[in-house]
Amino acid sequence: MTDAFTLHTCEEMMEMPNADWLVEGYLSRGVLAEIFGPAKGYKSFIALDWAMSIANGVPWLGHETTKGDVIYIYGEGSRGAQGKRIKAWFQSHPLKGQPKGRMYTLARSIGMSLDAVREQLIETIAKYGLKPSAIIVDTVTRNFGPGDMDKTSDMSRFVSSCDKLRQQFPDMTILLVHHTGHGDKGRARNSPALDGALDTQFYIDGLDKKARRLKLKIKYQKDGDEDLDGLELQLEKVDVGGGESSLVVREVVGLATAALSVSNAELVARAVQQGYGDAGATKDEAIEASVSGKGGQPIERQAAVNVFKNGTLAKLHGVTQRDGRWFFTPVAKVA
């Protein structure tokens, strides 16, 4: 008889990584996550940007991704609208001869809380030979199935179905796209059954529809840091041909912030070179070397963390990354 459970020693637990990222610093593997915001608040664009970045193994705004198959359940809007968004993404993310990743769209709403529907979805995934790293459910409202989302028993059935789907595909993440509550715009339209089940929750704040700007904030994250300041994003218009256009996600970096980040990025790069030379440094080693002043002067820990989060370190000439280590060949200048 085989063991039903695996027990780990304290030493084994201490050696386990804090998080195994799909999108570094934002989306972990094997979690139930949610992004919520107001109607037409660009949350679907962010979810698609994550999906396409993961499927194609390209960094998301400077954050490393782990490549894998992605399924996007697109229950809102027309198929043509999703197609235009995908065209715009490829136009703004040239793959330079690299084959397109496996990002599949299910262009209809489904009743996720129903056992028969979940089993049909599992059969469909097997039919296409996919091993999904992530499934995006856009939106919860359109894919909930029968029942009342505000009723604990009905939402518990939806959450249980999501859990069973994740059990079928170990280390797979489910990202739910949801709306804000009716009264409190700082909360999702969740029942306690969903709130208690989430591992990570993102929300859209400071939305300026005219300027197409917003802040993406991390409200809750079990395996990472909360981002109280948020990541300022702008949706940029991209022509996709035939007189049509769509939007892609860009990070907004103010002039003063950019100058400060570049200075900190240079100090981190020099700390890597001075502290580790040709051997390179991991992210954590680079941060510690920067805080201790190996780059010429010490910098605050959060400032060192930020040059990884906002991608300014990766943009310096002479900085490269491979096999999880960072390398720097002087002299670096901003690209």
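The values are calculated or read from the model by the stated rules, or taken from the named source; none is laboratory data. For clarity, every value in this text was computed on a predicted model and none was experimentally measured. Note: ideal-geometry Cβ built from the backbone for every residue, glycine included; neighbour counts use all protein chains shown.
Answer yes or no as to whether G68 is more than 30 Å from G311 (Cβ to Cβ), touching a residue at least 60 places away in the same chain (Cβ under 8 Å) and under 23 Å from the mean Cα position of the chain (by Cα).
Numbers: more than 30 Å from G311 (Cβ to Cβ): no; touching a residue at least 60 places away in the same chain (Cβ under 8 Å): yes; under 23 Å from the mean Cα position of the chain (by Cα): yes.
The answer is no for G68.
If you check A134 against the conditions, is it part of a helix (DSSP H, G or I), touching a residue at least 24 places away in the same chain (Cβ under 8 Å) and surrounded by 14 or more Cβ atoms within 10 Å (Cβ to Cβ)?
Working: part of a helix (DSSP H, G or I): no; touching a residue at least 24 places away in the same chain (Cβ under 8 Å): yes; surrounded by 14 or more Cβ atoms within 10 Å (Cβ to Cβ): yes.
Taking the combined requirement at face value, the residue does not satisfy it.
Could you check, for segment 111-118, whether at least one of its residues is closer than 15 Å to A33 by Cα, assigned by TED's automatic domain parsing to the domain that holds K67, without any contact (Cβ under 8 Å) to a residue 24 or more places away in the chain and among the small types (G, A, S)?
Step one: of segment 111-118, the residues closer than 15 Å to A33 by Cα are none.
So far as segment 111-118 goes, no, none of its residues is closer than 15 Å to A33 by Cα, assigned by TED's automatic domain parsing to the domain that holds K67, without any contact (Cβ under 8 Å) to a residue 24 or more places away in the chain and among the small types (G, A, S).
Is there any pair with a first residue in segment 157-174 that is crowded, with 19+ Cβ neighbours inside 10 Å and a second that is among the polar types (S, T, N, Q) and part of a strand (DSSP E or B) whose Cβ atoms are under 9 Å apart and which are 6 or more apart or on different chains, and what are they?
Pairs found: F169/S133; M172/S133; T173/S28; T173/S133; T173/T200.
For segment 68-75, check the following and say yes or no: at least one residue is surrounded by fewer than 18 Cβ atoms within 10 Å (Cβ to Cβ), of a type outside the set (D, E), outside the structural domain of A314 (by TED's automatic domain parsing) and part of a loop (DSSP other than H, G, I, E, B).
Narrowing segment 68-75 to residues surrounded by fewer than 18 Cβ atoms within 10 Å (Cβ to Cβ): none.
No; the residues of segment 68-75 include none that is surrounded by fewer than 18 Cβ atoms within 10 Å (Cβ to Cβ), of a type outside the set (D, E), outside the structural domain of A314 (by TED's automatic domain parsing) and part of a loop (DSSP other than H, G, I, E, B).
If you check R189 against the conditions, is it within 21 Å of A51 (Cβ to Cβ) and among the charged types (D, E, K, R)?
Numbers: within 21 Å of A51 (Cβ to Cβ): no; among the charged types (D, E, K, R): yes.
Considered against the rule, which asks whether it is within 21 Å of A51 (Cβ to Cβ) and among the charged types (D, E, K, R), R189 comes out as no.
Could you please find all residues in segment 30-65 being more than 14 Å from the chain's Cα centre (by Cα) and surrounded by 22 or more Cβ atoms within 10 Å (Cβ to Cβ)?
Going residue by residue through segment 30-65, those that are more than 14 Å from the chain's Cα centre (by Cα) are 37-42.
Those that are more than 14 Å from the chain's Cα centre (by Cα) and surrounded by 22 or more Cβ atoms within 10 Å (Cβ to Cβ): G37, Y42.
Here is a check on your reading of the model: is R325 in contact with a Gly (Cβ under 8 Å, 6 or more places away or on another chain), at pLDDT 90 or above and basic (K, R)?
yes
Filter segment 99-130 down to residues that are closer than 13 Å to I54 by Cα and touching a strand residue (DSSP E or B) at 6+ places or on another chain (Cβ under 7 Å) and give me whichever is surrounded by the most Cβ atoms within 10 Å (Cβ to Cβ). Steps first, answer last, please.
So in segment 99-130, the residues closer than 13 Å to I54 by Cα come out as 100-104.
So of that shortlist, the ones also touching a strand residue (DSSP E or B) at 6+ places or on another chain (Cβ under 7 Å) come out as 102-104.
Values: R102: 18, M103: 21, Y104: 18.
The extreme case among them is M103.
If you take the residues of segment 188-218 that are without any contact (Cβ under 8 Å) to a residue 24 or more places away in the chain and touching a Gly at 6+ places or on another chain (Cβ under 9 Å), which of them is surrounded by the fewest Cβ atoms within 10 Å (Cβ to Cβ)?
Just the residues of segment 188-218 that are without any contact (Cβ under 8 Å) to a residue 24 or more places away in the chain, to begin with: 195-196, 208, 210-211, 215, 217.
Now drop any that are not touching a Gly at 6+ places or on another chain (Cβ under 9 Å), which leaves 215, 217.
Numbers: K215: 17, K217: 19.
Checking each candidate, the answer is K215.
If you scan segment 136-153, which residues turn out to be on the phi < 0 side of the Ramachandran plot and either charged (D, E, K, R) or over 27 Å from the mean Cα position of the chain (by Cα) (or both)? Outline the logic, then answer.
Within segment 136-153, the first condition is being on the phi < 0 side of the Ramachandran plot, and the residues that meet it are 136-144, 146, 148-153.
Scanning segment 136-153 gives D138, R142, P146, D148, D150, K151, T152, S153.
Which ones in segment 37-67 are in a loop (DSSP other than H, G, I, E, B) and either outside the structural domain of V117 (by TED's automatic domain parsing) or among the hydroxyl-bearing types (S, T, Y) (or both)? Quick ask: steps written out before the conclusion?
Going through segment 37-67, the residues in a loop (DSSP other than H, G, I, E, B) turn out to be 38-42, 57-59, 61-62, 64, 66-67.
Within segment 37-67, Y42, T66 meet the criteria.
Would you point out which residue out of Q302, Q273, Q297 is part of a helix (DSSP H, G or I) and either of a type in the set (F, W, Y) or loosely packed, with under 14 Cβ neighbours inside 10 Å (or both)? Step through it out loud before you land on a result.
On the way: Q273 fails: either of a type in the set (F, W, Y) or loosely packed, with under 14 Cβ neighbours inside 10 Å (or both); Q297 fails: part of a helix (DSSP H, G or I).
The match here is Q302.
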